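The values are calculated or read from the model by the stated rules, or taken from the named source; none is laboratory data. In this text, all values refer to a predicted model and were calculated from it rather than measured experimentally. Using ideal geometry, Cβ is built from the backbone for each residue, glycine included, and neighbour counts are taken over all protein chains shown.
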Amino acid sequence: MTQTERLDELISSTVTIPTIPSTLAEIQKIVNDPDGSAAEAAEVIVKDPAIASKVLRLANSSIYALRVPVSDIQHAVCILGLKILKNLVVQATVLENFQGRGGEALSANWLWDHSLKTARAARGLAGLIPDDPGIELEEAYTAGLLHDIGKVLLMEAEGDSFLRAVTLSRLKKVPLYESEMDIFGFTHASVGSVLAERWNMSATLCTAIGKHHDADLDPKVDGAAFLLQFANTMAHSVSSNALCYHTDADIDEEKLASFGLDDSETFYALLSDVKNSGLDQL
Ligand SMILES: [Fe+2]
Ligand SMILES: [Fe+2]
């Protein structure tokens, strides 16, 4: 069996692998359709009370500083815009599916906190860097949110082997993706990329997730993956208690320079935003 076949088999055999939830599928269709409207999106959202309440909460949050609070979903969707709405649905979906799972090897709360921080960093970077970041702002946010989702799937599908990979990473002081490679022959990055494909995420996003641990990425060729990798580093640099040994917590000045962000006050402001974002901010 080739590695791709094994990866495919693993993903198909995982009973708990979340198929794309219907609300997310419908919202994606509307967002991707040039004629998709807020009215259509609102029709989908009202049928999902958990998401509807999040939409209202976000539209009424201080970010939008409205004088009169909104209580009408369609109005709220107009305020947020379709792309932000899509992210909110992705976020609600992954949190609902995975929160509280995990166990010894993988604290789901830690991972989601890390994912939210990476998302914040990725969107911030995409907005800050002077050159074309190779990925849109809101898509960068989704990439951050989903970049490590492969870990959750590996934990669910092959918990014992995944636990071994985690232990091996700690003992040998090698990054988790290296010990995953030893044990599975592929990494959480490829698993995540396959899931993103199944969820009909864009090619840019799937590639960025798949390559987020690749060494020596060329920012000109793999701009989105390069950005995501750096966002991951930023998220690690502001939080403690990583699940495993990792080497990517130091902000590399050279990389910062390659983004055109050296000596940039705005970069450090973003880093402190990243620090303050996370699970308790939801
Ligand atoms: Fe990762
Ligand atoms: Fe990560």
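Of the residues in segment 199-224, how many are under 12 Å from Ala143 (Cβ atoms) and either touching a Pro at 6+ places or on another chain (Cβ under 9 Å) or not assigned by TED's automatic domain parsing to the domain that holds Pro175 (or both)?
Residues flagged as under 12 Å from Ala143 (Cβ atoms) and either touching a Pro at 6+ places or on another chain (Cβ under 9 Å) or not assigned by TED's automatic domain parsing to the domain that holds Pro175 (or both) within segment 199-224 amount to 2.
Could you check segment 143-158 and list, in sequence order, the residues that are over 18 Å from Asp8 (Cα atoms), touching a residue at least 60 places away in the same chain (Cβ under 8 Å) and more than 10 Å from ligand 2 (Cβ to nearest atom)?
Ala143, Leu146
Given the conditions (1) away from ligand 2 (no atom under 16 Å from the Cβ); (2) closer than 30 Å to Phe184 by Cα, which single one is not true for Glu136?
Result: Glu136 fails condition (2) only.
Could you grab the pairs with beta carbons closer than 6 Å, sequence gap of 6+ or different chains, first residue in segment 28-56 and over 19 Å from Glu96 (Cβ atoms) and not assigned by TED's automatic domain parsing to the domain that holds Leu85, second one surrounded by 15 or more Cβ atoms within 10 Å (Cβ to Cβ) and not basic (Lys, Arg)?
Listed pairs, sorted by first residue: none to list.
Given (1) buried (at least 16 other Cβ atoms within 10 Å of the Cβ); (2) modelled with pLDDT of 85 or more; (3) within 13 Å of ligand 1 (Cβ to nearest atom), where does Phe226 come up short, assuming only one miss?
All conditions are met except number (3).
Can you tell me which residues in segment 193-205 are modelled with pLDDT of 90 or more and more than 18 Å from Lys86 (Cβ to Cβ)?
Ser193
Here are the criteria: (1) of a type outside the set (Lys, Arg); (2) within 16 Å of ligand 2 (Cβ to nearest atom); (3) assigned to a helix (DSSP H, G or I). Tell me which single one His212 does not satisfy.
Failed condition: (3).
Of (1) in contact (Cβ under 8 Å) with a residue 12 or more places away in the chain; (2) crowded, with 16+ Cβ neighbours inside 10 Å, Glu178 satisfies all except one. Which?
Here Glu178 meets the rest and fails (1).
Ser161 - would you say it is within 20 Å of Gln229 (Cβ to Cβ) and in contact (Cβ under 8 Å) with a residue 12 or more places away in the chain?
Here the answer is no, as Ser161 does not meet what is asked.
In segment 156-200, which residue that is on the phi > 0 side of the Ramachandran plot and not basic (Lys, Arg) is nearest to ligand 1 (Cβ to nearest atom)?
Gly185
Please go through segment 71-83 and pick out each residue that is small (Gly, Ala, Ser) and part of a helix (DSSP H, G or I).
Passing the criteria: only Ala76.
Against the definition (free of Cβ contacts under 8 Å to residues at least 40 places away in the same chain, acidic (Asp, Glu), surrounded by fewer than 18 Cβ atoms within 10 Å (Cβ to Cβ) and within 13 Å of ligand 1 (Cβ to nearest atom)), how does Asp214 come out, yes or no?
So Asp214 fits the description; yes.
Residue-by-condition table, conditions (1) assigned by TED's automatic domain parsing to the domain that holds Glu265; (2) closer than 16 Å to Asn232 by Cα; (3) out of contact with any Pro (no Cβ under 9 Å at 6 or more places or on another chain); (4) not in a helix (DSSP H, G or I):
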residue: Lys117; (1), (2), (3), (4): yes, yes, yes, no
residue: Ala121; (1), (2), (3), (4): yes, yes, yes, no
residue: Gly124; (1), (2), (3), (4): yes, yes, yes, no
residue: Asp131; (1), (2), (3), (4): yes, no, no, yes
residue: Gly134; (1), (2), (3), (4): yes, no, no, yes
residue: Tyr141; (1), (2), (3), (4): yes, yes, yes, no
residue: Val152; (1), (2), (3), (4): yes, no, yes, no
residue: Met155; (1), (2), (3), (4): yes, no, yes, no
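Scan segment 28-70 for residues that are part of a loop (DSSP other than H, G, I, E, B) and either among the aliphatic types (A, V, I, L, M) or in contact with a Ser or Thr (Cβ under 6 Å, 6 or more places away or on another chain) (or both) and jot them down.
If the condition is that a residue be part of a loop (DSSP other than H, G, I, E, B) and either among the aliphatic types (A, V, I, L, M) or in contact with a Ser or Thr (Cβ under 6 Å, 6 or more places away or on another chain) (or both), then Val46, Asp48, Ile63, Ala65, Leu66, Val68, Val70 are the ones that fit.
Looking at Leu176, Leu227, can you tell me which residue is away from ligand 2 (no atom under 12 Å from the Cβ) and hydrophobic (A, V, I, L, M, F, W, C)?
The match here is Leu227.
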